[in-house]
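The values are calculated or read from the model by the stated rules, or taken from the named source; none is laboratory data. Predicted model only: the values in this text are computed from it and were never measured. A quick note on method: Cβ atoms are made from the backbone with ideal geometry, for glycine too, and the neighbour counts reach across all protein chains shown. Quick note on the areas: whole protein, heavy atoms, side chains included, nothing else; ligands and nucleic acids left out. Shrake-Rupley method; radii C 1.70, N 1.55, O 1.52, S 1.80 Å.
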Amino acid sequence: MKAVVVGATGNAGTSVVRHLAGEPQVTEVLGLARRIPEWHPQGVRWAEADVDPGGTSLEPLFDGADAVVHLAWKFQPARRPVETWRTNVLGTVRVCEAAAAAGVRALVYASSVGAYAPGPPDGRPVDESWPTHGWPGAAYTREKAYVERYLDGFQLAHPELRVVRMRPGFLFKETAASEQWRIFAGGLLPQRLLRPDLLPVVPDLPGLRFQALHTDDAAAAYAAAVLRPVRGPFNLAADPVVDAGVLADLLEARTVPLPAAAARAALAAAWRLRLVPADPGLFDAVLRLPLLDTARARGELGWRPRHTATEALAAFLSGLRAGAGLPTPPLHAAAPALHRRPYARPHATG
């Protein structure tokens, strides 16, 4: 089996290519990225590709592939949503159409918990039938929701192509910590300050609870979706649900109640002053995310996370403190903070 991974050098991509290369049924793994990395895991070969409209012709790269895993996604520049739309939406359309034209048999797409409409008032976990309308106030959730609508029509038009949509919670691992900090926090708070002896309190925001997952566990689910004859969406998350108490335990801190409006006002002010690269609309979306029921992934993919959500977050914090990374353009630990280069073309992340 030949598998092609689009967006193979970021957080999810580096784990997925390594996991696929370790599967006996997979004889060839081709990783596609805009820039060839210095990282060369065994069993993975690389090719340059740009999914943006007018970019690389993708069909020749997909020729002979049994499965395409599409992970490429731009979180930044959040201040230029037309640019992220070109990569995230129009680029995804190009990947899907090229996969169909090349006769690929399976397409596994990285959707997200962010594609879902706000969760139910009672806070119960939702299964894959929950509406995927997204939160309209953030580019990330709008784009994820739009791609879900596109895929509804695409899979009807191509019943011969097995389309799988993975909808994970937040993905963390040690070597992706520096990249994630640059994307969402920029340089406002040095990452070395996230130590128990330097952060005595954690804000307890009403409605702040989310699910996390170690990226390597998500990669195992992606590999299972490549290898098993499954279709449709799958929720991915690990226990426990993360709230202020869980974060405080990790940081050996105490919680302090803080109104969500006050936190949002501070973030909005920092956004206007260009101190942070993450817009306040994304904060609004996070407070409305549903919790995920993962029964389908456990049953049909035979999937179980090997790490708890707490362990995934601990890996993230460890990576921040150590300045961890990988020798790929997105995950390089020494890359500068994005908000300090507001007019540079940032990488697409996987």
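A few comments on the model shown:
- Two-site label geometry, Val93 and Ala268: point separation in nm, points 7 Å out along Cα→Cβ: 3.3
- Mean residue ellipticity at 222 nm, helices only, the chain: -10000 deg cm²/dmol; runs of at least 4 DSSP H residues each add -39,500 (n - 2.57), and the sum is divided by the number of residues.
- Our estimate of slack between Asp127 and Ala260, defined as 0.36 nm per intervening residue step minus the Cα-Cα distance, is 45.2 nm.
- Full-extension gain in nm, Glu59 to Tyr150, via 0.36 nm per residue minus C-alpha separation: 30.8 nm
- For the range 247-253, 3J(HN,Hα) per residue [Karplus equation, 6.51 cos²θ - 1.76 cosθ + 1.60, θ = phi - 60°, Hz, x = Gly/Pro]: 5, 5, 4, 5, 9, 6, 10
- Calculated FRET value between Asp249 and Arg228, using beta carbons and R₀ = 22 Å, to 0.05: 0.05
- Convex hull of Cα atoms in the range 207-335, direction-averaged projection (nm²): 10.1
- Tilt relative to the chain, helix 91-101 - C-alpha long axis, 0 to 90 degrees, to 10: 20
- Surface composition of the range 61-193: carbon and sulfur atoms hold 62% of the protein heavy-atom accessible area at a 1.4 Å probe.
- Crossing angle, helix 11-21 versus the chain [Cα axis fit, 0-90 degrees, rounded to tens]: 40
- Antiparallel bridge percentage (DSSP; both residues within the chain; nearest 5): 10
- Proximal aspartates and glutamates relative to Lys2, as straight alpha-carbon distance under 16 Å, when same-chain residues fewer than 8 apart are discounted: Glu23, Glu28, Glu59, Asp63, Asp66
- Solvent-accessible area per residue, Å², over the chain with all protein chains present [probe radius 1.4 Å]: 41
- Residues in the range 40-73 reached by a label modelled at Arg80 [backbone nitrogen below 18 Å; 7 Å Cα→Cβ]: 50-56, 73
- HN-Hα J in Hz across the range 314-327 - Karplus 6.51, -1.76, 1.60, θ = phi - 60°, x for Gly and Pro: 4, 5, 4, 5, 4, x, 5, 5, 8, x, 6, x, 9, x
- The HN-Hα couplings worked out from phi for the range 255-260 by the Karplus form 6.51 cos²θ - 1.76 cosθ + 1.60 (θ = phi - 60°) are 8, 10, x, 9, x, 4 Hz, whole numbers, x standing for Gly and Pro.
- With all pairs of separate Cα atoms included, the chain yields a Kirkwood hydrodynamic radius of 20.3 Å.
- Degrees, to the nearest 10: 215-227 long Cα axis against longest axis of the chain: 20
- Interchain or long-range residues, amide H under 5 Å from Leu291's placed H: Val126
- Heavy atoms of Leu292 accessible to a 1.4 Å probe, total area in Å² rounded to 10: 10
- The calculated FRET efficiency for the pair Phe184 and Glu38, based on their C-beta separation and a Förster distance of 22 Å, comes to about 0.30.
- For the range 5-19, the residues whose amide N sits under 20 Å from a probe point set 7 Å from the Cα of Glu48 along the beta carbon direction are 5-10.
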